[in-house]
Every structure is written in structure tokens, then in C-alpha cells.
Amino acid sequence: MKKVEVNASTSYEVLIGSGLSAKIGEYLSALGRTGKVMIVSDTHVAPLYAEGVADELVYRGFEPSIFTFDAGEESKNLRTYTDLLNFLAEEGFTRTDTVLALGGGVVGDLAGFAAATYMRGIHFVNMPTSLLAAIDSSVGGKTAVDLPKGKNLVGAFYQPELVLFDTDFMKTLPYDEIRNGLGEGVKYAVLEGGEIFDILSSGLTSENLEDFIALSVDIKRRIVEADEKEGGLRKLLNLGHTVAHAVETLTEFVVPHGVAVAYGVRVMARLAYDRGELSEEEFYKIEELLLENDLALELNPVEELIPYFSADKKKAGDKLTLVTIAGIGDCRLTEVDIADVPTYFGVE
Ligand SMILES: NC(=O)c1ccc[n+]([C@@H]2O[C@H](COP(=O)([O-])OP(=O)(O)OC[C@H]3O[C@@H](n4cnc5c(N)ncnc54)[C@H](O)[C@@H]3O)[C@@H](O)[C@H]2O)c1
């Protein structure tokens with residue numbers, strides 16, 4: 001088992017290992033939790049794991065309930081959120097009780113937002129089940145639901161009290177979802193270099209999975225600890241995201257987020273190489289990393305994407321903050337005037 005300790009506005013542990021879900025009751029008791037636990041899950045994950053988790057909680061003296069909603073981003077909305085709040089109230093949950101997210105990033109974001117707001121905040125524990133949620137969304141305290149106008153427009157910063165990832169969950173995760181998680185993994189590898197870059201360059205296996213997740217979480221931990229509410233440094237985590245958001249908008253979200261991020265990393269690496277800011281050797285190392293992870297894609301050409309860059313949330317006034325690649329393990333925040341973006345990307 002691996003453990004990463006996050007010291008944000010509150011402190012909590014991220015535990016990563018095989019068979020951990022069978023110990024969830026033990027861990028909740030160790031945190032001092034008692035009473036009711038609302039297991040929040042979706043229609044793919046609940047049939048696989050919710051009953052097992054509930055049984056373990058009963059065995060440890062908890063009173064679990066299960067709230068399940070239709071799998072998919074379309075459910076991450078105010079209606080599902082309200083249904084969950086109403087169910088918490090109907091089941092008599094109070095501030096001493098706990099919300100337990102059991103699912104991917106959609107479940108974690110929605111359950112976390114409900115936990116942050118029900119009775120002004122009740123205990124929250126996250127059990128991510130997708131690779132993306134394990135390495136990214138379960139850590140850092142961003143919770144949210146979508147509005148028709150856009151993703152994550154309503155939310156709160158609310159840290160979990162424990163994150164527990166049972167690596168056995170990966171056995172049922174479909175290949176496309178693993179690839180989607182690897183897209184964010186590639187981002188970490190380029191941001192950090194070193195061991196995580198080497199692991200992904202040789203390919204993810206059951207042997208290096210725990211190390212990979214712990215290293216990813218540790219990068220996110222460091223950045224979140226330094227800049228919990230995204231004043232500056234946390235923006236580095238947006239490497240590849242300006243391009244990714246443009247691809248997602250243009251393709252109406254047909255291209256999954258992690259895959260779009262990997263393409264964003266590819267575009268930014270090519271740009272840095274063309275501008276003479278990234279060495280040829282490192283440029284090809286990034287290309288090989290993408291190839292190894294089945295993510296060396298050619299999606300929309302950059303000239304098609306640029307008009308969508310100015311809608312990016314990372315825009316402030318007339319400037320766009322891009323995460324640029326000066327080297328593997330050396331990414332920087334670069335401000336570009338919106339008017340100069342086409343020239344910056346070599347497009348006129
Ligand atoms: N809060 C943050 O900091 C943060 C960061 C990145 C992404 N996100 C959010 O995360 C969401 C994306 O997360 P995601 O990619 O995990 O999507 P998801 O939650 O929709 O999960 C992807 C799919 O995999 C299924 N699944 C999950 N675990 C499984 C398992 N072990 N076995 C079988 N099927 C399984 C789900 O049911 C779903 O169909 C988006 O809403 C995004 O906005 C949040």
C-alpha cells in the first residue's frame with residue numbers, strides 16, 4: 001500500500017492499494033466517524049461495488065444507504081444534486097454523518113458538492129474507482145456540478161477527509177477509461193519528468209500502477225498545498241487544457257477529456273519545439289510517451305482551435321495564460337495577449 005498525506009486547508013491521507021475497499025469501515029472508524037454513511041455511486045459502478053462496501057460498513061457498525069444515479073457527465077447537474085440532498089434529508093442525515101463517493105470523477109464531484117453544502121457541510125470521504133479520479137479529481141478539493149451553459153459552473157472547494165483507491169477497481173475499468181486517465185497521466189509526466197515520465201514511457205502495468213498513482217497524487221498534492229484556490233501555481237495543472245477545452249467544445253464532447261488533454265500536451269510540445277524552446281531530444285521523448293500510451297493523436301488543427309481559446313476560463317482580461325513546455329519537468333505559465341495568439345502559434 002502507498003500513502004500520500006495532503007496538507008491543504010485540512011489534512012488527509014490518500015491510500016492506494018489492493019483490497020483496500022474491504023477495510024473502508026475500519027478506516028472510517030479510525031477517523032472517528034460513526035452513524036450513517038451515504039454511498040453515492042453511478043449505474044455502472046454501484047452494481048459492481050456498492051453492496052460490498054455497504055456490507056463492510058454494516059459489519060463495522062455503520063448504517064449505510066446507497067444513492068445511485070445514471071452514469072455519465074449528463075447526470076452531473078443540479079437535478080441529481082437536489083435528488084441527493086433530498087435523499088440525505090429523507091434518510092435523516094445530520095452533520096455527524098458521512099457522504100462516501102464511490103465512482104469516477106462525476107460521482108466524486110457531485111457527492112463532494114452535496115457534502116460541502118448539505119447542512120453547510122458534512123463529513124466527506126472519496127473512494128475513486130476510475131484512473132482519472134484516482135490520479136486527479138479525488139485530490140484537491142474541487143467539487144462541482146454542471147449548468148446547461150457549461151461544465152463545473154456551480155461548486156465549492158471542499159477537501160475530503162480520506163481518499164481511498166482500491167487498485168482492484170481497475171480490473172473492471174473499460175480500456176477507453178484507462179486511456180482517458182492516462183491522458184491526464186501524460187500531463188503529469190511532462191510537468192514533472194523523472195520517475196513518473198519513465199513509468200509511463202515504458203507503459204502502465206499492474207506492477208507499477210501503485211507507484212504511478214502515488215507519484216501523480218504527490219504532484220497534485222504539492223501544487224494544491226502551495227496554491228489551493230488556484231491563484232497561480234495550480235494553473236500549471238492546466239497544461240494541455242486550453243487546447244483540450246477547444247477540442248471538447250468543437251467536437252461537442254465526443255473526444256473524452258483526458259484524450260483531449262493528451263492532444264493539448266502534444267500541440268504544446270510541438271509549439272515549444274517549433275519556437276526553439278524545447279530540445280529535439282525532449283520533443284521526441286514526449287512523442288514516444290504519447291505513442292506508448294496510445295495517445296499520439298492528430299485531432300483538430302490548431303488554426304481551427306484558436307478562436308475557442310479566448311473562451312477559456314484561464315483568460316484574464318485581454319491575456320491568455322498558457323502552460324508552455326521549456327523542457328520535460330520544466331513547464332511555465334506564459335501570458336500572451338489574445339490578439340497575438342495566432343502569431344504565437346505560428347498561424348496567421
Ligand atoms: N474535481 C477535480 O479536480 C476534477 C479534475 C478532473 C476532472 N474532474 C471531473 O471528473 C469527471 C470525469 O471523471 P471520470 O473520467 O472518472 O468520469 P466518470 O465518473 O464518468 O467515469 C467514467 C466512466 O467509467 C465508469 N467507471 C468508473 N469506475 C469504474 C470501474 N472501476 N469499473 C467500471 N466502470 C467504471 C463510470 O461509470 C463512467 O461510465 C468530469 O466531470 C470532470 O469535470 C474533476
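The values are calculated or read from the model by the stated rules, or taken from the named source; none is laboratory data. In this text, all values refer to a predicted model and were calculated from it rather than measured experimentally. Virtual Cβ from ideal backbone geometry, glycine too; neighbours counted across all protein chains shown. Protein only, heavy atoms only, side chains kept; ligands, DNA and RNA dropped before computing areas. Shrake-Rupley method; radii C 1.70, N 1.55, O 1.52, S 1.80 Å.
Of the solvent-accessible surface of the chain, computed with a 1.4 Å probe over protein heavy atoms with every protein chain present, carbon and sulfur atoms account for 49 percent. Translational diffusion coefficient of segment 175-344 (Stokes-Einstein, Kirkwood radius from Cα pairs, 10 °C, 1.306 mPa s): 99 µm²/s. Relative to the Cα centre, the charge distribution of segment 175-344, modelled as +1 at Lys and Arg Cβ and -1 at Asp and Glu Cβ, gives a dipole magnitude of about 620 debye. Under a 5 Å amide H cut-off, with hydrogens placed 1.01 Å from N, Phe124 pairs with Val99, Glu161 among residues at least 5 apart or on other chains.
Simple point charges give the picture: +1 on the Cβ of Lys and Arg, -1 on the Cβ of Asp and Glu, and for the chain a dipole about the Cα centre of about 1160 debye. 3J(HN,Hα) couplings calculated from phi for segment 275-289 with the Karplus curve 6.51 cos²θ - 1.76 cosθ + 1.60 (θ = phi - 60°) are, in sequence order, 7, x, 9, 10, 5, 4, 4, 6, 4, 5, 5, 5, 4, 5, 4 Hz; Gly and Pro show x. Using the Cβ-Cβ distance between Leu31 and Asp55 with R0 set to 22 Å, the FRET efficiency from 1/(1 + (r/R0)^6) comes to roughly 0.65. Along the chain, the exposed loop sites are trypsin sites (Lys or Arg not before Pro) outside DSSP states H, G, I, E and B with at most 14 other Cβ atoms within 10 Å, and the longest stretch free of them is 1-94.
When only alpha carbons of segment 105-160 are considered, Rg and Dmax amount to 10.7, 31 Å. Distance between the modelled labels on Leu333 and Thr249, one decimal in nanometres: 2.1 nm (7 Å Cα→Cβ projection).
Between Leu297 and Ala22, residue separation times 0.36 nm minus the direct Cα-Cα distance comes to 95.1 nm. Computed over the alpha-carbon atoms, the chain gives an Rg to Rh ratio of 0.98, Rh here being the Kirkwood radius from the mean inverse distance. If R0 is taken as 41 Å, the Cβ-Cβ distance between Leu147 and Ser202 corresponds to a FRET efficiency of 0.50. Across the alpha-carbon atoms of segment 237-292, the computed radius of gyration and Dmax are 11.8, 35 angstrom. In the chain, taking the dipole from charged Cβ atoms about the Cα centre, the farthest positive-side position among Leu200, Tyr175, Ala111 is held by Ala111. Annotation: the antiparallel percentage among DSSP beta bridges lying fully within the chain is about 45.
For segment 175-344, the solvent-accessible area with a 1.4 angstrom probe is 43 square angstrom per residue. Lys-Lys pairs in segment 2-172 that are eight or more residues apart or on separate chains and whose Cα atoms lie under 30 Å of each other come to 23.
The residues of segment 2-172 present an accessible area of 41 Å² per residue when probed at 1.4 Å with all protein chains retained.
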